[in-house]
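Okay, structure first, notes after.
The values are calculated or read from the model by the stated rules, or taken from the named source; none is laboratory data. Remember, predicted model here, so these are calculated numbers, not experimental data. Using ideal geometry, Cβ is built from the backbone for each residue, glycine included, and neighbour counts are taken over all protein chains shown.
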């Protein structure tokens, strides 16, 4: 495991021009085994942060899912960064590589995964569509520090969105094929959007989610 400390300002208020300096953030590099197969991109191409939750019980399970090779290119699905419940931040994919984490927006976005059970283990059960696990303080503080760091590293970063806002596709419910449920609901109703938007300095993409 390699560790790095990334210094950078934390932003407060919705203006992109206001910020104050905070303590640096520690980011642990744990690249996925197929990371060299992921497409390269210039950092200037990145303008969006997408907030996910893992919908899995723990970080180890999320890592196992991320390591699965499911694409013809020999790569899998994962975010760039993972933030554990205790605030630990890990980088699985470098910023200059395209990770597969959201439909249609991978080429110009950074994916941040927050460890949270979400609807696990019955993601598509129509009776279990309410996400109830809160996001701990340490996790949200680490997320804000990470976004502030990304603001210093990515010159065109200006927007933020939840996974649920970018993927509104419906799928058949696992308990009743005649019913439809949302494919993605993360980060869900427990995510403190008001606090994050006030602190991070990014513009939230709004409007009707796209069905992708």
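Can you confirm whether segment 158-168 contains a residue that is over 17 Å from the mean Cα position of the chain (by Cα), surrounded by fewer than 19 Cβ atoms within 10 Å (Cβ to Cβ) and modelled with pLDDT of 95 or more?
Taking segment 158-168 and keeping what is over 17 Å from the mean Cα position of the chain (by Cα), we get none.
So far as segment 158-168 goes, no, none of its residues is over 17 Å from the mean Cα position of the chain (by Cα), surrounded by fewer than 19 Cβ atoms within 10 Å (Cβ to Cβ) and modelled with pLDDT of 95 or more.
Is it the case, given these coordinates, that residue 205 is modelled with pLDDT under 95, in contact with a strand residue (DSSP E or B) (Cβ under 7 Å, 6 or more places away or on another chain) and surrounded by 14 or more Cβ atoms within 10 Å (Cβ to Cβ)? Give the steps one after another, and end with the answer.
On the way: modelled with pLDDT under 95: yes; in contact with a strand residue (DSSP E or B) (Cβ under 7 Å, 6 or more places away or on another chain): yes; surrounded by 14 or more Cβ atoms within 10 Å (Cβ to Cβ): yes.
Against the criterion (modelled with pLDDT under 95, in contact with a strand residue (DSSP E or B) (Cβ under 7 Å, 6 or more places away or on another chain) and surrounded by 14 or more Cβ atoms within 10 Å (Cβ to Cβ)), residue 205 qualifies.
If I ask for residues that are more than 17 Å from residue 114 (Cα to Cα) and either assigned to a helix (DSSP H, G or I) or touching a strand residue (DSSP E or B) at 6+ places or on another chain (Cβ under 8 Å) (or both), which ones from segment 134-165 would you list?
Of the residues in segment 134-165, the ones more than 17 Å from residue 114 (Cα to Cα) are 151-159.
Correct list: 151, 152, 153, 154, 157, 158, 159.
Looking at segment 175-195 only, could you name the residues that are over 14 Å from residue 55 (Cβ atoms) and assigned to a loop (DSSP other than H, G, I, E, B)? If the condition is that a residue be over 14 Å from residue 55 (Cβ atoms) and assigned to a loop (DSSP other than H, G, I, E, B), then 175, 176, 177, 178, 179, 192 are the ones that fit.
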